[in-house]
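Okay, structure first, notes after.
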Amino acid sequence: MASHQRVDVAIVGGGIIGLAVAWRARQRGMSVTVFERDELARGASYVAAGMLAPVAEVEFGDAGRRMLELGLRSVEMWPAFAEELEGASGLRLPLRRTGSLLVARNDDEARELERQLEFRRSLGLRIERLRPSEAREREPSLAPAVRLALEAPDDHALDPRPILTALMHVCEETGVQLAERTPVAGVELDGARERVRGLRLRSGELFAADQVVLAAGAWTEAIEGLPARARVPVRPIKGQIMRLREPAGAGLLTRVVRFEGGYLLPRGDGRYVLGATVEERGFEFQPTARGVYELLRDAHELVPGVSELELQELSVGLRPGTPDNAPVLGRGALDGLIWATGHYRHGILLAPLTAELILGVLDPGAAPPDAPALLATCDPNRFAPVEAVP
């Protein structure tokens, strides 16, 4: 990359968020380069299970309600997004619309599920209470020990890996420059330090850009050059996850089964994803025996047949978390800099909406009517330090 090169948009981060934004920006005629510190599309997006589950994952509190609004909006976009991407790439990208079961193993968990049921009903979400016998009728592999279940029929799932492959393909086909294994050291500011004018690569080269999008996930804070008032706190949250296979083919489960501390997600073809731990361990990539044991133990209590599955892969991903675990999207304190990070566990779910919102920031003519309200819930400036009044 030569220092005299210039593009309309430089994107830091080659996961699902960065690639989706790049595709949308290129569709609007912008010149785009994506910089990825390692291998493209092999970070947290590659490890992710791919649940599109805003109903099952809604949490109490203001941040949880903000995430629900974003999640419901984005899950509605996924069918059209996948269909368009499928047509552009020629790859098959199926969505599984089988819903989720939230299950309780004991009386304490059953009481918590009753509380979760009332909470979701108060939000107007579609959720059904199932007796243990009803839950086992729908999923016969569930253990007799199940005390209670809730069904969220509007939650879906997909496999992120074909999505990532398709996004890389359409980006290449449409002329996006993909700079793999090209780490960014920091942003370059103008003399007044009020505007970002490009990127400084780890190699020392300068790369000029009219606008820079930070979609670096858990590595966001490693990007240097931003003054304190313009930074956003993003931390890595470790998740261990397993991919399993049913030797005899599909049959163990049809729905995602969610339990306290994890989930078991069927792909529909004999493959399953079991995850995921939530660990504040910094940039630690080593899987642990404890993490594997606890996931398998908890899953076995509810779906005993999981112990007969073959272990195909054990992975660790680093989710990007903010102090309130809601994403940061839009312009921050510096002109020319746009944030698209901090998605925590919801990067796959929020990819279509994030791409649409960030495109609207890059090109206001492409912004959806509800963009200002949605971006306000993810304002990067909400973490800005409060200046003392003299």
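Quick look at the values:
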{"quantity": "Residue check for Ala80: surrounded by fewer than 18 Cβ atoms within 10 Å (Cβ to Cβ), in a helix (DSSP H, G or I) and at pLDDT below 95", "calculated": "no"}
{"quantity": "Filter result for Ala135 (assigned by TED's automatic domain parsing to the domain that holds Arg105, buried (at least 22 other Cβ atoms within 10 Å of the Cβ) and free of Cβ contacts under 8 Å to residues at least 40 places away in the same chain)", "calculated": "yes"}
{"quantity": "Pairs, first closer than 19 Å to Pro327 by Cβ and not assigned by TED's automatic domain parsing to the domain that holds Val328 in region 227-246, second surrounded by fewer than 22 Cβ atoms within 10 Å (Cβ to Cβ) and of a type in the set (S, T, N, Q), C-beta under 6 Å, six or more apart", "calculated": "Gly239/Thr277"}
{"quantity": "Complete set of residues in region 170-199 that are farther than 11 Å from Ala10 by Cα and basic (Lys, Arg)", "calculated": "Arg181, Arg193, Arg195"}
{"quantity": "Residue check, Leu102 within 23 Å of the chain's Cα centre (by Cα), under 30 Å from Ser307 (Cβ atoms) and assigned by TED's automatic domain parsing to the domain that holds Leu253", "calculated": "yes"}
{"quantity": "Matching residues, region 154-178, being under 22 Å from the mean Cα position of the chain (by Cα) and among the small types (Gly, Ala, Ser)", "calculated": "Ala157, Ala166"}
{"quantity": "Per-region count, region 371-382, residues within 20 Å of His346 (Cα to Cα) and surrounded by 13 or more Cβ atoms within 10 Å (Cβ to Cβ)", "calculated": "8"}
{"quantity": "Residue count for region 291-319, restricted to those that are in a helix (DSSP H, G or I) and acidic (Asp, Glu)", "calculated": "4"}
{"quantity": "Residue within region 29-46 that is touching a Gly at 6+ places or on another chain (Cβ under 9 Å), assigned to a helix (DSSP H, G or I) and over 23 Å from Cys378 (Cβ atoms) present", "calculated": "yes"}
{"quantity": "Set Val212, Val234, Val256, Val292: member being closer than 28 Å to Leu102 by Cα, β-branched (Val, Ile, Thr) and buried (at least 22 other Cβ atoms within 10 Å of the Cβ)", "calculated": "Val256"}
{"quantity": "Any hit, region 260-270, residues being out of contact with any Asp or Glu (no Cβ under 6 Å at 6 or more places or on another chain), over 24 Å from Arg138 (Cβ atoms) and among the charged types (D, E, K, R)", "calculated": "no"}
{"quantity": "Check on Leu178, closer than 30 Å to Gly87 by Cβ, in the same structural domain as Ala340 (by TED's automatic domain parsing) and not in a helix (DSSP H, G or I)", "calculated": "yes"}
{"quantity": "Residue, farthest from the chain's Cα centre (by Cα), within region 322-336, restricted to residues that are crowded, with 21+ Cβ neighbours inside 10 Å and part of a strand (DSSP E or B)", "calculated": "Gly330"}
{"quantity": "Single residue of region 201-258 satisfying the filter (part of a helix (DSSP H, G or I) and hydrophobic (A, V, I, L, M, F, W, C)) that is nearest to Glu294 (Cα to Cα)", "calculated": "Ala218"}
{"quantity": "Residue list for region 84-107, filter: free of Cβ contacts under 8 Å to residues at least 60 places away in the same chain and under 19 Å from Gly268 (Cα atoms)", "calculated": "Arg97"}
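The values are calculated or read from the model by the stated rules, or taken from the named source; none is laboratory data. Keep in mind that what you see is a predicted model, and the values were worked out from it rather than measured. Glycine also receives a Cβ, built like all others from the backbone with ideal geometry; neighbour counts cover every protein chain displayed.
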